[in-house]
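Below is one structure, written out as structure tokens; the observations come after it.
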Amino acid sequence: MRILILAPALAGVLIIPYSLDAYGTLLVFTLMTNVAMAQSYNLLGGFGGQIHLGHGAFFGIGAYVSALAAVKGFSICPSSAVACFAAGAIAWGTGFFLCRARGASFALASLSLLLLLGLLARNLSGLTGGLSGLSLPLHKGTVLVTQLSILNALASLLVNFWFARSATGLGLRAIAQDEMTPRTLGVPVKKIKARAFLVGSLLAAFSGSLYPWQVFYVSPSSAFGLEVSLSPVVMAMLGGTGTVFGPALGALVMTVFQEWLFSSGAHFRLALMGAVLWLLGSKFRGGLIRKIWPATKQGSHLISSWRAGSWRSGGKG
């Protein structure tokens, strides 16, 4: 019954790009990309309580690998598949090392990955085009790209919904409160964090793989710039980290406000992010969604649920 209800709704959403002009298509693509990036950050940065400043690195990996595949003559779907595979391999290889750290150490370690990849993109000019970047051949598939971005945003919402109700999500919430207590109870802390790191990285990589197909261009600043790194953090915190729909709300608010600034001739994106972070820290702790819909207090029952064996009874989630 649910499929019969959701299928027509999904089909209706995917038809929307056909009725939009070029600007409308780009706006929907930008919004859906922001939603996917904020929601994918929320897995480890929200439920897990880790400040993941390097999350944008996997967006950049997806963008560059997809662009390189496109230059070689691949179509959008194979390009995105190759990009996600490459990003997944890097996330799997680096995840267990990065997830050994916590707090500020994890934030700096993940940020160093972003900076390293940006440096490689600028210096490996024979492969990446250097500071000039890579240009893709023009095509007429922007509607398909926008549809894929919508599906990616919906997938990121569903993954957050599953994480919030799974044993893995319960583990992440317990880790966010006090990492040492679950560790002493035998909870595989590094494994849980690495799992969230990998899933979030794949969603970010798919977002990045669509980007050059929409704008026909990718450069080190657009793939690995500071704005790419800060945007998911700010949007998720604005909407409410650790909630299912909060990051999507933050992405919507930030996208609308940034487009208004852009259309009015003001170019203060990074300054805007700094101002939002300041407001979040001083006035809106917990995010907008907790102001609109107060969340249930998460307290010591999470830790006690571990003692009661919830991880073991929760299956392999």
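Where a number appears in this text, it was derived from the coordinates with a stated rule and is not lab data. Not measured: the values here are computed from a predicted model. Note that each Cβ is placed from the backbone with ideal geometry, even for glycine, and that neighbours are counted across all protein chains shown.
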Discussion item. Which of Cys77, Cys99 has the fewest other C-beta atoms within 10 Å, and how do the rest follow up to the most?
Written reply: Cys77, Cys99
Worksheet item: Taking Cα pairs under 8 Å and at least six residues apart, what relative contact order does segment 109-248 come out at, in percent?
Response: 34
Worksheet item: What nm distance separates the two modelled labels at Glu227 and Phe85, each placed 7 Å from Cα along Cα→Cβ?
Response: 3.3
Item to complete: Give me the number: length gained by fully extending Lys191 to Leu151, i.e. 0.36 nm times residue separation minus the C-alpha to C-alpha distance, one decimal in nm.
Response: 11.6 nm
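What is the gain in length, in nm to one decimal, between Ile15 and Ser132 on full extension, counting 0.36 nm per residue of separation less the C-alpha to C-alpha distance?
Extending this stretch completely gives an extra 38.6 nm.
Just rank His52, His139, fewest to most, by other beta-carbon atoms within 10 angstrom.
His139, His52
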Discussion item. How many angstrom lie between the Cα centre of segment 34-50 and the Cα centre of segment 81-107?
Written reply: 14
Fill in: Packing-based order for 117-124, 200-207, 159-166, 241-248, using average beta carbon neighbours within 10 Å, highest first
200-207, 241-248, 159-166, 117-124
Worksheet item: Can you pull the semi-axes for segment 23-313, root of five times each eigenvalue of the Cα gyration tensor, sorted largest first, whole Å?
Response: 31, 22, 17
Fill in: Over segment 36-170, equivalent-ellipsoid semi-axes from the Cα gyration tensor in Å
28, 21, 11
